[in-house]
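One structure below.
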Amino acid sequence: MLTGRFEDIIKLLEQAERVLLLPHLHADGDALGSCGALAAFLKASGKEVTVLTEEPVEPKLDFLPGLCGVEFLPMEGTAQAPYDLAVAIDSSAPDRLGARLPLYEAATARARIDHHAAGTDFSPVTLLDNEWSATAEGIYLLLHRMGFDRGVDRPGWLTAEVEKAVAGAIYTGLVTDTGCFAFSNVTAQTHLIASRARMLAGNMSFVSHRVYEVRSRAYTRLMRTVYEKMYYPQPDIAVLCLTRAEMDAAGATDVDTDGISNILRDIEGVHAGIFVKPDRTESGVYRVSLRSDEYVNVALIAKAFGGGGHVCAAGCSLFAADEAALASEVARLVDAVRAGIAQ
Ligand SMILES: [Mn+2]
């Protein structure tokens with residue numbers, strides 16, 4: 001269901017001269033693709049646009065700046081002049097903006113474009129539809145209203161080159177959030193938009209290759225531990241808890257653990273996968289990634305644990321001082337998933 005009105009965001013975008021776009025923490029291909037598409041379009045229309053990320057862009061997405069002609073600047077902690085408009089992209093809650101939240105709040109006008117069903121309404125102007133497979137799907141619909149992909153009716157400043165750049169970034173967002181158009185969030189509209197984007201952007205097969213097929217050496221080393229250590233607390237639930245030492249031994253960082261929760265969920269007969277790993281900096285804090293099939297809504301479970309996300313892909317944090325405490329927290333989570341499957 002659509003929340004908010006396209007006109008309201010369009011008005012803000014048209015009025016602003018200096019625009020700040022903020023993808024969520026640990027920005028993925030949808031958050032960055034959506035920012036890149038919007039930035040490329042707005043820049044071509046004459047706006048000054050900055051995309052500020054929390055961390056450097058992860059290696060598998062390093063093609064994006066070149067694809068859309070937009071730089072993604074990691075935040076450097078330096079004071080920045082307030083922006084006319086700040087837009088939170090693909091971010092379901094204010095804490096998803098991390099250390100950039102004060103910059104968002106300092107902007108004269110604020111907006112949010114997102115597709116997460118369970119989230120916090122933290123912006124005065126929101127454009128959100130939980131039926132969009134990706135925020136990038138919403139970005140297409142927004143930009144189409146602003147003159148993108150209108151053929152000969154497009155605005156004079158919108159060159160074919162810019163349209164190509166925008167389309168490539170949108171396509172990347174779609175590929176990322178739909179598992180190459182395989183997830184249950186894909187609709188007929190998703191395919192129509194992907195088709196339009198493919199039409200304008202040209203061959204995009206490298207995107208799924210980079211995002212889904214290429215695995216780091218560290219990830220590959222880590223897989224040994226993953227398969228050895230995962231277990232089934234229930235026949236239809238798969239759990240994996242990695243320690244920092246195990247990740248270090250494989251030379252793995254957080255980006256190397258992408259996709260592990262899907263591996264758990266995809267085992268025959270499993271309805272839900274629970275992947276737990278230590279927070280990269282805070283000791284006693286664990287990041288949980290939940291994946292499910294159509295039998296259980298993990299967004300609800302994540303929410304009960306203070307997190308959020310989508311029906312089939314969600315996340316939350318656990319807090320535990322030692323190994324025993326973590327085991328009991330994981331058991332509590334397993335119980336919640338168990339109860340969710342039973343419903
Ligand atoms: Mn997304």
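Could you tell me whether the stretch 309-323 includes any residue that is in contact (Cβ under 8 Å) with a residue 60 or more places away in the chain, part of a loop (DSSP other than H, G, I, E, B), in contact with a strand residue (DSSP E or B) (Cβ under 9 Å, 6 or more places away or on another chain) and of a type in the set (A, V, I, L, M)?
yes
As an exercise: evaluate Ile139 against (1) surrounded by 17 or more Cβ atoms within 10 Å (Cβ to Cβ); (2) on the phi < 0 side of the Ramachandran plot; (3) more than 16 Å from the ligand (Cβ to nearest atom) and give the number of the one condition it does not meet.
Looking at each condition in turn, Ile139 falls short on (3).
Given the structure, is Tyr171 of a type in the set (Phe, Trp, Tyr), closer than 16 Å to Asp28 by Cα and either within 16 Å of the ligand (Cβ to nearest atom) or assigned by TED's automatic domain parsing to the domain that holds Thr190 (or both)?
Values: of a type in the set (Phe, Trp, Tyr): yes; closer than 16 Å to Asp28 by Cα: yes; either within 16 Å of the ligand (Cβ to nearest atom) or assigned by TED's automatic domain parsing to the domain that holds Thr190 (or both): yes.
So Tyr171 fits the description; yes.
Take the residues in the stretch 84-94 that are in contact (Cβ under 8 Å) with a residue 40 or more places away in the chain and more than 15 Å from the ligand (Cβ to nearest atom), then tell me which one is surrounded by the fewest Cβ atoms within 10 Å (Cβ to Cβ).
Our first condition is that a residue be in contact (Cβ under 8 Å) with a residue 40 or more places away in the chain; within the stretch 84-94, this holds for 84-93.
Pick out the ones that are also more than 15 Å from the ligand (Cβ to nearest atom) and you get 84-86.
Numbers: Asp84: 17, Leu85: 24, Ala86: 28.
The residue in question is Asp84.
Counting only residues that are over 20 Å from Ala182 (Cβ atoms), part of a loop (DSSP other than H, G, I, E, B) and at pLDDT 95 or above, how many does the stretch 217-270 have?
Counting residues in the stretch 217-270 that are over 20 Å from Ala182 (Cβ atoms), part of a loop (DSSP other than H, G, I, E, B) and at pLDDT 95 or above gives 8.
Does Ala107 count as outside the structural domain of Ser261 (by TED's automatic domain parsing) and away from the ligand (no atom under 14 Å from the Cβ)?
Values: outside the structural domain of Ser261 (by TED's automatic domain parsing): yes; away from the ligand (no atom under 14 Å from the Cβ): yes.
It is true that Ala107 is outside the structural domain of Ser261 (by TED's automatic domain parsing) and away from the ligand (no atom under 14 Å from the Cβ).
Tell me, yes or no, whether the stretch 119-130 has at least one residue that is part of a loop (DSSP other than H, G, I, E, B), among the small types (Gly, Ala, Ser), within 15 Å of the ligand (Cβ to nearest atom) and under 20 Å from Ile170 (Cβ atoms).
To start, the set of residues in the stretch 119-130 that are part of a loop (DSSP other than H, G, I, E, B) comprises 119-124, 130.
So of that shortlist, the ones also among the small types (Gly, Ala, Ser) come out as 119, 123.
Those left that are additionally within 15 Å of the ligand (Cβ to nearest atom): 119.
The next check asks that each one be under 20 Å from Ile170 (Cβ atoms); those that pass are none.
No, there is no match, as no residue in the stretch 119-130 is part of a loop (DSSP other than H, G, I, E, B), among the small types (Gly, Ala, Ser), within 15 Å of the ligand (Cβ to nearest atom) and under 20 Å from Ile170 (Cβ atoms).
Please find, within the stretch 27-46, the residue that is farthest from Ala99 (Cα to Cα) out of those that are away from the ligand (no atom under 14 Å from the Cβ) and of a type in the set (A, V, I, L, M). Steps first, answer last, please.
Let us first name the residues in the stretch 27-46 that are away from the ligand (no atom under 14 Å from the Cβ), namely 39-46.
Filter once more, keeping what is of a type in the set (A, V, I, L, M): 39-40, 42, 44.
Values: Ala39: 21, Ala40: 24, Leu42: 25, Ala44: 29 Å.
Filtering first and then ranking leaves Ala44.
Sort through Thr172, Thr176, Thr108, Thr126 and tell me the only one that's surrounded by fewer than 21 Cβ atoms within 10 Å (Cβ to Cβ) and touching a helix residue (DSSP H, G or I) at 6+ places or on another chain (Cβ under 9 Å). Spell out how you get there, then give the answer.
Values: Thr172 fails: surrounded by fewer than 21 Cβ atoms within 10 Å (Cβ to Cβ); Thr176 fails: surrounded by fewer than 21 Cβ atoms within 10 Å (Cβ to Cβ); Thr108 fails: touching a helix residue (DSSP H, G or I) at 6+ places or on another chain (Cβ under 9 Å).
Only one candidate passes the filter, namely Thr126.
Has the stretch 79-87 got any residue that is among the hydrophobic types (A, V, I, L, M, F, W, C), modelled with pLDDT of 90 or more and within 11 Å of Cys35 (Cβ to Cβ)?
Residues of the stretch 79-87 that are among the hydrophobic types (A, V, I, L, M, F, W, C), as a first pass: 79, 81, 85-87.
Of the ones still in play, those that are also modelled with pLDDT of 90 or more are 85-87.
Subset that is within 11 Å of Cys35 (Cβ to Cβ): 87.
Checked against the condition, which is being among the hydrophobic types (A, V, I, L, M, F, W, C), modelled with pLDDT of 90 or more and within 11 Å of Cys35 (Cβ to Cβ), the stretch 79-87 yields at least one hit.
The values are calculated or read from the model by the stated rules, or taken from the named source; none is laboratory data. These numbers come from a predicted model, not from an experiment. We place every Cβ from the backbone using ideal geometry, glycine too, and count neighbours over all the protein chains shown.
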